[in-house]
Amino acid sequence: MSYSTADNERLVYLLADTGLGDQRAFAQLYEACSSHLYALLLRMLKRRDWADEALQDCFLRIWQKADTYAPEKGTPLTWLMTVARYRALDLLRMKRPEVEMPEEGDEAPMTFADVSESPEDRAVEQEGLGMLRDCMQDLQDEQKRSVLLAYYEGYTHQELAQVMDAPLGTVKSWVRRGLARLRECLDR
Amino acid sequence: MKYDNPKLRQMLAAEYVLGTLRGLARRRFERLARSETAVRSEIRFWESRLAGLAANLKPQSPPPSVWFSLLHRIETQPPVVTPIRRPVAPAPAAPAPASPWRIVAGLATAAGVAIAVLIGSRAPLPGAIDAPTTVASAPQAVPAPAALPPVYVALLRVPDTDLQWTLALKPESDEVTAVVSGSYPKLGERSLELWLITDAGPVSLGLLPTTGEGRLKLPDGVSGAQLTLAVSLEPAGGSPIGKPTGPVLTSGPAIKAV
């Protein structure tokens, strides 16, 4: 992620101390990382009350599980963001029925009519994401859109089919081919 | 499902991380990951690669209430039994780490004397009642609380320093009193400004003293069960624009004490 090596080192220490029950390290970890996690949670969950709840859940988990962090799990921020994203996916699974999916013909809550203007693309176009960005550009439009929608919105295949107005089987194959192509490209 | 097909496992790992693998299939795959190193490393491959997509979302500060609710939840959670992970530590003598909430509560109790002085020892403080050592010898014959103007108390500490303020907010007299302890060596020529966080954004209450005691001004119409305060580092004399310009060093609630 966009953190420098020094930042990452500091986070490794803060995580280690949090794992030993050091509340001050935990407070510093929260201060350093909560705004990144909160941005992702707000993006995925859309509702502040859900994002607040999810952020609490994440940091409660981090407080309890900080000692299970190991460098091979990625940089600390990657690990924390992963905790946040899985929590958001769980919450969406429990709560999404409350959110009305757009009816066919209605405008989707996030319009991707102009793909090049979407925040996702801007994120991908930012510097520092090098390979991921290049590989994303390699995907066909539908493949890219379905992967990005699943990532940022936490959509299921069914939800993707609805939002992208395409048959379920087609959407599944967009996602799978997109991921397979991404895997190949990232492996190079 | 034939998990021994590497291509399939790669795809399942990708869909697991992306989140499109759902329900029972997701749980099954989680179980597989627990027993198979190769599956775990494939999952990590995707976690670290796809995390790049979140990297450039603009950071958003969560409301201070999240932190305080989190501390409260940590306090009320059953203690997690963790193995001793630092063999060099003198295990029998090592005290159990205090939870953050307990530390906050402890500090609040320690500050009880100062608060009691600030608000005139008119009533026992919240938290002081159940504390093993009662701080203020509050008179038993306390006047009816309804007759008292409200007072809010707060304890704000700057992390990594011993600088802290014990604050009493008295909306009745539009006044805030602050008692300092500790110091902030890195302050230099700058000032520390106290803010009340309102729905309309932060409202300056003035500059905090860095030694001794000080008085600040409270705006009209402040009320509620709990108020949120924050301290920012500002140029000498305070923020020139009426909003915080420097980093927020600490924040916390002021709780209705009387």
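Rule-based calculations on the coordinates, nothing more; no lab input. Keep in mind it's a predicted model, so treat the numbers as computed, not measured. Positions of Cβ are backbone-derived with ideal geometry, glycine not excepted, and every protein chain shown enters the neighbour counts.
Among B:153, B:248, B:66, the order by Cβ neighbours within 10 angstrom, fewest to most, reads B:248, B:66, B:153.
Just to confirm a number: summing +1 for Lys and Arg and -1 for Asp and Glu over residues other than residue B:69 whose beta-carbon lies under 15 angstrom from that of residue B:69, what do you get? Please list the in-between numbers first.
Working: positive: A:48, A:61, B:73; negative: A:49, A:52, A:53, A:57, B:75.
Net charge in that neighbourhood comes out at -2.
Distance from the C-alpha centroid of segment B:2-24 to that of segment A:1-61: 27 Å, rounded to the whole angstrom. Here segment B:15-47 is scanned for amide nitrogen atoms under 18 Å from the site 7 Å beyond the Cα of residue A:184 along Cα-to-Cβ, giving B:15.
A straight chain from residue B:190 to residue B:160 at 0.36 nm per residue would run longer than the Cα-Cα distance by 9.0 nm. When each of A:131, A:164 is scored by the number of other beta-carbon atoms lying within 10 Å, the sequence from fewest to most is A:131, A:164. With a ≥ b ≥ c taken as the square roots of the eigenvalues of the C-alpha gyration tensor of segment B:150-234, please select rounded if a/c is under 1.5 and otherwise prolate if a/b is larger than b/c or oblate if it is not? Judged from the Cα gyration tensor, segment B:150-234 comes out prolate (a/c at least 1.5, a/b above b/c).
Work out, step by step, the length gained on full extension between residue A:67 and residue A:94: first 0.36 nm times the residue separation, then minus their alpha carbon distance; give nm to one decimal. Write down the numbers at each step before the final one.
Working: separation 27, 0.36 × 27 = 9.72 nm, distance 2.81 nm.
Result: 6.9 nm gained on full extension.
If you take the square roots of the eigenvalues of the alpha-carbon gyration tensor of segment A:5-98 and sort them as a ≥ b ≥ c, do you get rounded (a/c under 1.5), prolate (a/b over b/c) or oblate? Prolate shape, in that a/c is at least 1.5 and a/b is the bigger ratio. A straight chain from residue B:36 to residue B:5 at 0.36 nm per residue would run longer than the Cα-Cα distance by 9.8 nm. For residue B:191, the residues whose modelled amide H falls within less than 5 Å of its own, excluding neighbours fewer than 5 places apart on the same chain, are B:234, B:236, B:237, B:238.
Given the pairs B:170/B:243; B:58/B:217; A:144/B:58; A:65/A:172, which span a C-alpha to C-alpha distance of over 27 angstrom in this model? Walk me through the intermediate numbers first.
Values: B:170/B:243 23 Å; B:58/B:217 35 Å; A:144/B:58 21 Å; A:65/A:172 34 Å.
In this structure, B:58/B:217; A:65/A:172 lie more than 27 Å apart at Cα.
Can you work out the FRET efficiency for the pair residue A:46 and residue A:158, with r the C-beta to C-beta distance and R0 = 30 Å, to the nearest 0.05? Working from the Cβ atoms, E equals 0.95. Computed from the Cβ-Cβ distance with R0 of 45 Å, the FRET efficiency linking residue A:86 to residue B:210 stands at 0.50. With each label modelled as a point 7 angstrom along the Cα→C-beta vector, the residue A:60-residue B:58 pair spans 3.1 nm.
Ordering B:222, B:17, A:12 from the fewest to the most neighbouring beta carbons within 10 Å gives A:12, B:222, B:17. Computed from backbone phi, the HN-Hα couplings of segment A:75-80 come to 5, x, 5, 4, 4, 5 Hz, rounded to whole numbers (Karplus: 6.51 cos²θ - 1.76 cosθ + 1.60, θ = phi - 60°; Gly and Pro given as x).
Which FRET efficiency value, to the nearest 0.05, do you get for residue B:256 and residue B:69 by plugging their Cβ-Cβ distance into 1/(1 + (r/R0)^6) with R0 = 22 Å?
Values: r = 18 Å, r/R0 = 0.81.
In this case the efficiency is close to 0.80.
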